[in-house]
Amino acid sequence: MNFNGLPNEVYSFTLEAKLFNYMRTIILTFILCFIGLVNSAQTLTVSPKILIGSGSNSGGQDFSVIVNYTTTSLTDTNYFKWRILKYNPPTAWLMSFCDPINCVAKIAVDSTGIFYIAKGKLGQMHITYTFNNTPGNDTLRVLVQSILNPAVADTFVLIANSWKTGIKESSISHEINIYPNPVKDLLSIKCASPINSTIDIYNIIGVKVKSFLNDGNLSNLNISDLKNGMYILRITSGNNVYSKTFNKVD
């Protein structure tokens, strides 16, 4: 018997059980703290968030995106997953999609890939459109997230346009100013000389939300009904095209 009034065998077994439960609690707490440290210490950013590119249908367009992350975790390598959220180009267009490790020749909505970045390094994603003599446009939206903690994520958008050979982007850009930017209600477009043009406004997913006609050297566009965010202004005059982004605010 011992001082607890229990047989020595029972007392020994009870003590061992308590020690086992105590050690198990310590180990589980350590594991949970380690996982929490790794997850909470990660941050992920993709830059730039929005890229816009244009070219003749006989050419192509290249985009470069930087995947930047920071971590204080103990792991030397961090794995990430990308997923295509939006992609609908003309069927003749070709796409090369390269993450920091692999290149994919053919993608579609919900296509995925996994890559890793060594601790303290940046990862670069490179995307190339080939237009194959086909005018059109596409908006590519991509999600990038941590494999270890999917809540650590960011997205980026590529907007590509091609036009029939002979139309030149930005050939009239030096003659046009838009202001203010950011803009609340009225967006002003001032041209060095009167031009006849079509003015279209697109949201960041490539949907046309407004269209205007211009026949002078100053236009004031009422955009008060647009939601806050970034938009693309596209001015077409004959064979000339000019694109510019602006931000709508309250």
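The values are calculated or read from the model by the stated rules, or taken from the named source; none is laboratory data. Given the structure is predicted, the values throughout are model-derived calculations rather than measurements.
Worth a mention:
- Summed over the range 43-99, residues that are more than 26 Å from residue 161 (Cα to Cα) and not polar (S, T, N, Q) total 7.
Residues are listed down the side, and each one gets a yes or a no for (1) small (Gly, Ala, Ser); (2) at pLDDT 85 or above; (3) within 12 Å of residue 55 (Cα to Cα):
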| position | (1), (2), (3) |
| --- | --- |
| 131 | no, yes, yes |
| 139 | no, yes, no |
| 152 | no, yes, no |
| 157 | no, yes, no |
| 164 | no, no, yes |
| 168 | no, no, yes |
| 174 | no, no, no |
| 199 | no, yes, no |
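- Selected residue [modelled with pLDDT of 70 or more, more than 15 Å from the chain's Cα centre (by Cα) and basic (Lys, Arg)] from 49, 81, 106, 18: 106
- Selected residue (criterion: nearest to the chain's Cα centre (by Cα)) from residues of the range 184-197 that are modelled with pLDDT of 90 or more and in a strand (DSSP E or B): 187
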